[in-house]
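One structure is given below, encoded as structure tokens.
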Ligand SMILES: [Zn+2]
């Protein structure tokens, strides 16, 4: 299955090489432009199907994702599960559910997102669900590119695990080589 997933990312041109400033503040020679793949409904649908299959048999009342990529993934995952979808947005330093979204106390929430690097946006989304009294039952991501194992306190499923090199800015050899740092578009 990893081969199939990797092929989809390659075919959509989602894998970029260079010197990139990631949303996490880390630098990397590779950037995954998630929107290159999310623009194709058939790829997005297939990736969400893999997440849906993984969580089959578990009670899920709604799917939540962090904006921006998570909006699309939450919608498609929820569509396949026959439940509703909501998204959390960053307002100043916190991520919250706006748009009059509600979670009833005890509702089972599946969180989905595109690319996990440090888990920051997912942790913020978990906090947003907690604050409304929902119960996060699991997390599904397209790609886990975290350089180390991340414990989010609930089961984490990723369609694809990749180990991409990331550097702290002060230790980045690409910076040392004076290669221009790019802040890719589409980062949320
Ligand atoms: Zn650098």
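The values are calculated or read from the model by the stated rules, or taken from the named source; none is laboratory data. All figures in this text were calculated on a predicted structure; none of them were measured in a lab. Quick reminder, even Gly has a Cβ in these numbers, built from the backbone with ideal geometry, and neighbours come from all protein chains shown.
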Practice problem: Please work out if residue 60 is touching a strand residue (DSSP E or B) at 6+ places or on another chain (Cβ under 6 Å), away from the ligand (no atom under 16 Å from the Cβ), in contact (Cβ under 8 Å) with a residue 60 or more places away in the chain and part of a loop (DSSP other than H, G, I, E, B). | Solution: yes
Quiz item: So which residues in the stretch 44-55 are within 12 Å of residue 72 (Cα to Cα) and crowded, with 19+ Cβ neighbours inside 10 Å, if there are any at all?
Solution: 44, 47, 48
Practice problem: Scan the stretch 42-57 for residues that are closer than 12 Å to residue 8 by Cβ and free of Cβ contacts under 8 Å to residues at least 24 places away in the same chain and jot them down. | Solution: 42
Self-check item: Conditions (1) touching a strand residue (DSSP E or B) at 6+ places or on another chain (Cβ under 9 Å); (2) over 18 Å from residue 73 (Cα atoms); (3) more than 16 Å from the ligand (Cβ to nearest atom); number of the one not met by residue 133
Solution: (1)
Self-check item: Residue that is nearest to the chain's Cα centre (by Cα) [pool: residues in the stretch 77-105 that are in contact (Cβ under 8 Å) with a residue 24 or more places away in the chain and assigned to a loop (DSSP other than H, G, I, E, B)]
Solution: 97
Quiz item: Condition test on residue 162, is it more than 16 Å from the ligand (Cβ to nearest atom), at pLDDT below 90, under 24 Å from residue 53 (Cβ atoms) and within 14 Å of the chain's Cα centre (by Cα)?
Solution: yes
Quiz item: Is at least one residue of the stretch 16-30 more than 13 Å from the chain's Cα centre (by Cα), away from the ligand (no atom under 16 Å from the Cβ) and either on the phi > 0 side of the Ramachandran plot or surrounded by fewer than 19 Cβ atoms within 10 Å (Cβ to Cβ) (or both)?
Solution: no
Quiz item: Before we move on, is residue 74 closer than 16 Å to residue 121 by Cβ, assigned to a strand (DSSP E or B) and in contact (Cβ under 8 Å) with a residue 12 or more places away in the chain?
Solution: no
Self-check item: Given (1) on the phi > 0 side of the Ramachandran plot; (2) within 10 Å of the ligand (Cβ to nearest atom), number of the condition residue 168 does not satisfy
Solution: (1)
Practice problem: Confirm whether residue 157 is away from the ligand (no atom under 16 Å from the Cβ) and either part of a loop (DSSP other than H, G, I, E, B) or buried (at least 17 other Cβ atoms within 10 Å of the Cβ) (or both). | Solution: no
Quiz item: Only one residue in 55, 35 is within 30 Å of residue 182 (Cα to Cα) and either more than 16 Å from the ligand (Cβ to nearest atom) or modelled with pLDDT of 95 or more (or both). Which one?
Solution: 35
Exercise. Take the stretch 115-149 and flag every residue that is outside any strand (DSSP E or B), within 15 Å of residue 23 (Cβ to Cβ) and in contact (Cβ under 8 Å) with a residue 24 or more places away in the chain.
Key: 117, 118, 119, 120, 121, 122, 123, 124, 125, 145, 146
